[in-house]
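So that we are looking at the same thing, I have put the structure below in structure tokens.
The values are calculated or read from the model by the stated rules, or taken from the named source; none is laboratory data. All values reported here derive from a predicted model rather than from experimental measurement. Cβ placement follows ideal geometry from the backbone for every residue including glycine, while neighbour counts extend to all protein chains displayed.
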Amino acid sequence: MSHLVVSASGTRGVVGETMTPELAVRISRTFGSYVNQGTVVVGGDTRTSTDCLKYAVISSLLSVGCDVIDVGKVPTPTVQQMVRYHQAAGGIVVTASHNPVIWNGIKLMNHQGAFLNEQAYSNYSQLYEENPQPYVAWNQLGQYREDPNAIQRHVDFILTHLDPTPIQNSSLRVLIDPNNGAGAIANPILFEKLGVQYDMINEQANGHFNHPPEPVEAHLADTMSQLRSGKYDIGFVQDADADRLVMLGENGQFFGEDYSLALCVDHILGTEAAPSPSVVVNLSTSLVIESVAKRHQASVYYTKIGEPYVSQGLRDHKGLVGGEGNGGVIYPKIGWGRDSLVGMVVGLRHLAMTKSPLSKIIGSYPKYWMHRDKFQVNSRDDIAGFLSQVESQFQGEKMDKQDGVKVILDNAWVHVRPSNTEPIVRLFIEASNESQLHALIEKVTHLAEV
């Protein structure tokens with residue numbers, strides 16, 4: 001049996017094995033109770049399994065008395081935006097985000113369009129373990145309707161907060177790779193409004209991904225090759241549900257997901273006035289964010305890994321902008337979730353307003369070296385033991401223990417944290433030079449071998 005991943009960030013599994021219509025019914029039936037039979041916005045990405053699961057979700061919600069607004073196949077941030085637009089009690093999106101095509105998942109949103117935070121998810125989970133919400137009689141069933149204009153509404157809202165005029169007055173040329181995901185549906189609507197020349201590859205919104213859906217360098221050789229033609233000023237790559245975004249240079253350069261977020265942070269801090277600006281990111285995000293924030297006299301706050309934690313942190317600290325180092329920018333003026341459409345508009349605005357190539361902009365940021373890895377362990381006791389060893393190895397150094405152990409060094413850090421769902425320790429190391437990085441890798445991996 002394949003593994004089922006369950007957390008506040010959603011439930012994911014392999015379709016037909018651990019992710020089934022029966023599971024979708026139970027999740028959404030409980031959610032109907034959680035939102036007190038209120039209106040729920042439902043959408044999903046382009047995976048071939050999405051319709052099967054989405055209609056199970058819709059049927060279940062209707063059967064317990066919830067009204068449903070179906071926004072169709074759309075980016076995850078569009079669902080989040082439509083929860084607010086329709087003043088719904090919550091939202092459900094069917095997506096496995098960057099997971100391979102055999103996976104799908106279900107994510108739950110509150111009335112603000114944000115994924116459930118830790119406390120809210122705990123309350124939901126308690127309901128899930130109790131008796132399910134009873135089905136209602138024929139004359140109490142929820143009402144179903146569709147909103148075919150959800151993406152248009154989403155785009156219009158973005159452009160009311162991010163003036164597209166600098167982009168419209170530019171002569172920028174753009175290559176976009178939505179990898180046959182939800183971005184393939186949304187991008188033409190956005191770029192028609194932006195008025196720039198663009199080409200889109202892997203543009204069939206059929207869920208048959210032409211490369212693995214996580215937008216990391218190893219998966220983007222063909223996209224980077226097309227950029228080397230010299231025809232474009234920037235390249236954009238989205239994951240399957242178009243919440244994450246990676247920017248590629250005018251000559252196909254891959255700068256790293258954290259640098260896409262850094263540019264967005266740079267632009268928003270530089271164009272918005274605030275007396276005490278702040279940025280919120282997760283603990284495994286690059287130090288380049290601190291470097292960029294310092295240019296604008298902004299504070300940086302760190303949260304546990306996961307979009308719900310960053311979103312909550314933005315609310316707690318009244319942050320102007322935030323996100324995760326995997327290429328997900330969150331701009332609270334528009335929404336409480338990662339949004340690749342926002343990222344593209346911000347990126348193009350920055351290029352248009354600075355009149356600089358992306359390589360020069362990214363080149364102005366400090367260079368950091370990042371290493372990501374994971375270790376299989378036999379039990380959660382072994383995980384605790386490994387974390388304890390890391391603490392002992394770096395005794396006397398500053399540490400953050402809100403999510404595993406993060407050791408904070410001079411221009412470097414080491415973060416080890418347990419997976420929420422399986423006996424795996426995830427390792428993140430960053431340093432300002434390669435030799436320091438390799439020394440830290442050797443120091444930590446040696447502990448894993450002991």
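For the structure I just gave you, tell me whether ARG47 is in the same structural domain as THR95 (by TED's automatic domain parsing), within 19 Å of the chain's Cα centre (by Cα) and at pLDDT below 95.
no
Do we have GLY404 as surrounded by fewer than 18 Cβ atoms within 10 Å (Cβ to Cβ), small (Gly, Ala, Ser) and either under 25 Å from GLU290 (Cβ atoms) or outside the structural domain of GLU442 (by TED's automatic domain parsing) (or both) here?
For GLY404, the condition - surrounded by fewer than 18 Cβ atoms within 10 Å (Cβ to Cβ), small (Gly, Ala, Ser) and either under 25 Å from GLU290 (Cβ atoms) or outside the structural domain of GLU442 (by TED's automatic domain parsing) (or both) - is not met.
Find the residue count for the range 223-247, including only residues that are part of a loop (DSSP other than H, G, I, E, B), among the small types (Gly, Ala, Ser) and over 17 Å from ALA205 (Cβ atoms).
Going through the range 223-247 one residue at a time, the tally reaches 2.
Name the pairs whose Cβ atoms lie under 7 Å apart, with the first residue in the range 58-75 and closer than 16 Å to TYR135 by Cβ and among the acidic types (Asp, Glu), the second outside any strand (DSSP E or B) and at pLDDT 95 or above, and 6 or more positions between them or separate chains?
ASP67/THR39; ASP67/GLY142; ASP67/GLN143
Okay, moving on. Which one of ASP316, ASP266, ASP339 is under 20 Å from the mean Cα position of the chain (by Cα), more than 22 Å from SER9 (Cβ to Cβ), assigned by TED's automatic domain parsing to the domain that holds ALA186 and charged (D, E, K, R)?
ASP266
The rows are residues; the columns are (1) over 17 Å from GLY323 (Cα atoms); (2) surrounded by fewer than 16 Cβ atoms within 10 Å (Cβ to Cβ).
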| site | (1), (2) |
| --- | --- |
| HIS208 | yes, yes |
| PRO213 | yes, no |
| ASP243 | no, no |
| LEU248 | yes, no |
| GLY256 | no, no |
| VAL281 | no, no |
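Scan the range 36-63 for residues that are buried (at least 23 other Cβ atoms within 10 Å of the Cβ) and either among the hydrophobic types (A, V, I, L, M, F, W, C) or assigned to a loop (DSSP other than H, G, I, E, B) (or both) and jot them down.
VAL40, VAL41, VAL42, ASP45, THR46, ARG47, LEU53, VAL57, LEU61, listed by residue number.
Listed residues GLY32, GLY16; which is among the small types (Gly, Ala, Ser), farther than 23 Å from GLY306 by Cβ and surrounded by fewer than 16 Cβ atoms within 10 Å (Cβ to Cβ)?
GLY16
Tell me whether the range 26-47 contains one or more residues that are free of Cβ contacts under 8 Å to residues at least 12 places away in the same chain and farther than 24 Å from ARG338 by Cα.
Looking for residues that are free of Cβ contacts under 8 Å to residues at least 12 places away in the same chain and farther than 24 Å from ARG338 by Cα, one finds none in the range 26-47, hence no.
Conditions: (1) in contact with a helix residue (DSSP H, G or I) (Cβ under 8 Å, 6 or more places away or on another chain); (2) assigned by TED's automatic domain parsing to the domain that holds TYR34; (3) of a type outside the set (A, V, I, L, M); (4) assigned to a helix (DSSP H, G or I). PRO166 meets all but one. Number of the miss?
Here PRO166 meets the rest and fails (2).
Quick one: would you say HIS161 is surrounded by fewer than 19 Cβ atoms within 10 Å (Cβ to Cβ), in contact (Cβ under 8 Å) with a residue 60 or more places away in the chain, outside the structural domain of THR50 (by TED's automatic domain parsing) and touching a Lys or Arg at 6+ places or on another chain (Cβ under 6 Å)?
Against the criterion (surrounded by fewer than 19 Cβ atoms within 10 Å (Cβ to Cβ), in contact (Cβ under 8 Å) with a residue 60 or more places away in the chain, outside the structural domain of THR50 (by TED's automatic domain parsing) and touching a Lys or Arg at 6+ places or on another chain (Cβ under 6 Å)), HIS161 qualifies.
Mind checking which pairs have a first residue in the range 271-283 that is over 23 Å from LEU351 (Cα atoms) and assigned by TED's automatic domain parsing to the domain that holds ARG315 and a second that is among the basic types (Lys, Arg) and surrounded by 14 or more Cβ atoms within 10 Å (Cβ to Cβ), Cβ under 7 Å, 6 or more apart or different chains?
Between residues of the range 271-283 that are over 23 Å from LEU351 (Cα atoms) and assigned by TED's automatic domain parsing to the domain that holds ARG315 and residues that are among the basic types (Lys, Arg) and surrounded by 14 or more Cβ atoms within 10 Å (Cβ to Cβ), the close pairs are ASN282/LYS304; LEU283/LYS304; LEU283/LYS406.
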